[in-house]
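Visitor: Take a look at this one; I'll ask things after.
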Amino acid sequence: MSIEVGSKLQGKVTGITNFGAFVELPGGSTGLVHISEVADNYVKDINEFLTVGDEVEVKVLNVESDGKIGLSIRKAKEAPPSEKPVRSEHRPQKRGSRNNNNNNNRPQRSMTFEDKMSRFLKDSEERLTSLKRNTESKRGGRNSKRG
């Protein structure tokens with residue numbers, strides 16, 4: 001029996017290592033399911049998912065020229081595209097966003113470049129002052145209080 005990339009086959013787990021599991025395929029050939037291909041979530045211990053003698057469905061990922069066969073259990077179980085969860089387009093606003101000022105009743109006036117620049121400089125100065133005040137007191141800067 002010829003093993004082709006992309007085909008799904010039934011196999012039997014013949015051995016387990018810390019990096020994966022060996023699966024005997026129809027026709028007597030053996031392939032390796034890498035630990036990253038066992039389940040969709042992180043697998044710390046493969047023994048929690050597989051035991052020797054288990055019958056598993058695997059998908060052939062690759063067949064190398066030296067006879068090594070790469071297999072995947074999680075890709076064999078992959079749900080059809082229609083069953084996959086649909087991502088919503090709603091994205092939560094970042095904390096501290098200035099877009100949600102609760103001033104929705106007040107009409108927004110368009111700011112000139114000079115207005116925007118002066119506002120930016122004012123905010124920037126306030127942040128720098130606050131940052132300097134906090135860091136100098138922690139590392140014993142010029143105006144730090146000594147007790």
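Visitor: Could you give the semi-axes, largest first, of the ellipsoid that matches the stretch 1-52, computed as the square roots of 5 times the alpha carbon gyration tensor eigenvalues and rounded to whole Å?
Guide: 21, 12, 8
Visitor: Return the aspartates and glutamates within reach of residue 12: Cα separation strictly under 13 angstrom, same-chain partners fewer than 8 residues apart disregarded; answer none if there are no such residues.
Guide: 24, 54, 55, 57
Only the coordinates and a few stated rules stand behind these numbers; no lab work does. Please read all numbers here as calculations on a predicted model, not as lab measurements.
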